[in-house]
Structure formats: C-alpha cells, structure tokens
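Enquirer: Provided herewith is a single structure, encoded as structure tokens, for subsequent inquiry.
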Amino acid sequence: MAEPAVRIPDAKVALSTASVYPESTATAFEIAARLGYDGVEIMVWTDPVSQDIEALRRLSDYHRMPILAVHAPCLLITQRVWSTDPWVKLQRARTAAEKLGASTVVVHPPFRWQRQYARDFVDGVWRMADETNVRFAVENMYPWRYRDREMLAYAPDWDVTKDDYRHFTVDLSHTATARTDALAMIDRMGDRLGHVHLADGNGSNKDEHLVPGRGTQPCAEVLDRLATNGFDGHVVIEVNTRRAMSSAEREADLAEALAFTRLHLASAVRVPRS
C-alpha cells in the first residue's frame, strides 16, 4: 500500500513588478511582501526605479523581498531604456542581475526590423551566457494579428523552440495569443525550461495576461508537470491588473494568483508506507 504525500518543488513563486501597473515598482515590493510571495521579478521599463540598481537593492532590503529575475527592456515602449542598442540592454540587465543576486535575465527575441540584432541573436545570447552564471532565458512570443491579418513581428521566430538556446522562459499568456499548445511547447523546451511566466488567456488577438484559472490555458496542468519533474526555476506571476477598480481589488487578484500557483505546485504522489 502507498499513502498520498505532498511534494512541493524547490521552485520559488515571484511577483512580476509589471503585475501592479499602473502602480509603481516600489508598490510591487510592498504587495509581494504583504501577500507572501517568495520574491519579485523586475520589469525594467519607464519607471526610473526599475532602472536603478541601488534603488532596487534598497527596496529589496527594506521589504526583505529577494529579486529573483530581471526582465530586460524588450518592449516597444522601452526602446530607449538603458540605451537604444539591444546588446547594451542585455549587458546592463546581466549586470543588474549579478549585483542584485538574481539568477535569471528574461529576454524577448528581437523584433524583425532589428535585422543585425536578429541575425546575431542566437549566437550572441550563447556568448553572453558563457560569461556569467546568470541564466538568459529567452521567452516565447506570438504572431501579431489584426482582424484576419497576421504579422510575424519577431525574429528568428516567435516560437523560440525552433532555435537553440541554453534556457527558455515559457509564458502562458503568449501561448494563448499564439494559439499554440502550451504543454507541447514545454515538452519541446525539456530540461532547458528555466523560467515560467504564469498567466492565462482565451486566445484573443491581444496579450491578455489574465489571472491563472480565468482563461483557457492549462495553467494547473503546467504547474502539476513542473512539480512532477522537480522544476527548480522560478514561477513568476505576470498578470494584467490595469482594470482593477481599486488597490484592494488589484491585491485580491494577486493573492488569488498566488494561491492558485501554490495549490497546483503541490502534486500528489505515492510513496511507500514505512
């Protein structure tokens, strides 16, 4: 006979600072600490605090909230943050991660119009990864769609499993927007999956970043698989709370996302009775 036991992987659950937008990076630390997250992922964007290593260190120390990952400024609205040179952005993200004790830098594949950067991207990320203990985890993206038209905006490809990277980030809102099979993508990533952006989506043309459990993505199944496989990376809640009518409603959404993640990371296994 065997008795059910609960096995919880070593994966830490972090809050992306993007999840509190339009509130500040500083607010994200406060909420993460109050709700019991294990740490934060810094989305480097137009908030000056998100770009300031010393300010981030002070927030981390004050709230006793580790910085587990740094998301390089890869968005359209951050094209001038930390230089207009995308390689400089990655170098600065690596430096920030090293100084802040973060284990991971999240990076998007280049935009297709960044031709030279895209041409050198795969080899360049490998070179940078060889120079540090920080993981460069390249994130899956999606085609851009407008009505019945589709634009391939990322190069070499939005499906990062088509190229050879040392580490991957899987984002479940992006798998929804791409209308691709999240579990199959995770299987293709294999043991190179180093980082997870947990959110949900319904397959809209927009990148929805819903609270896990509110869309069609297999969020619970993904977490169960991570637990079963002994995943030791980070699971980061990256959801959109811009429509929250109050700070209390935003915090309730982030508490719900954390509870969902902790619940499904605890996988039931069978162990021999002693």
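Enquirer: How do 59, 90, 152 stack up against each other in accessible area, from largest to smallest, with a 1.4 angstrom probe?
Expert: 152, 59, 90
Enquirer: From Cα pairs below 8 angstrom and at least 6 apart in sequence, can you work out the relative contact order of the chain, rounded to a whole percent?
Expert: Taking the mean separation of contacting Cα pairs over the length of the chain, I get 22 percent.
Enquirer: Compute, for residue 12, the solvent-accessible surface of its heavy atoms (probe 1.4 Å) with the complete set of protein chains present, and express it in square angstrom to the nearest 10.
Expert: 90 Å²
Enquirer: I would also like to ask the following. Less than 24 Å apart at the alpha-carbon level, and either on another chain or at least 8 residues along: which lysines does that give for residue 206?
Expert: Cross-link targets: 162.
Enquirer: If I ignore ligands, DNA and RNA and count only protein heavy atoms, how much of residue 132 is accessible to a 1.4 Å probe, in Å² to the nearest 10?
Expert: Surface open to solvent at residue 132 totals about 20 Å².
Enquirer: Sticking with this structure for a sec: What accessible area, in Å² to the nearest ten, does a 1.4 Å probe give for residue 78?
Expert: 0 Å²
Enquirer: Rank these by accessible area, largest first, 1.4 Å probe: 147, 262.
Expert: 147, 262
Enquirer: Next question. Only four residue types carry charge here, +1 at the Cβ of Lys and Arg and -1 at the Cβ of Asp and Glu. Report the dipole size of the stretch 86-130 about the Cα centre in Debye, rounded to the nearest 20.
Expert: Approximately 200 debye in magnitude.
The values are calculated or read from the model by the stated rules, or taken from the named source; none is laboratory data. These figures come from a predicted structure and were not determined experimentally. We place every Cβ from the backbone using ideal geometry, glycine too, and count neighbours over all the protein chains shown. Accessible surface areas use protein heavy atoms only, side chains included; no ligands, DNA or RNA. Shrake-Rupley method; radii C 1.70, N 1.55, O 1.52, S 1.80 Å.
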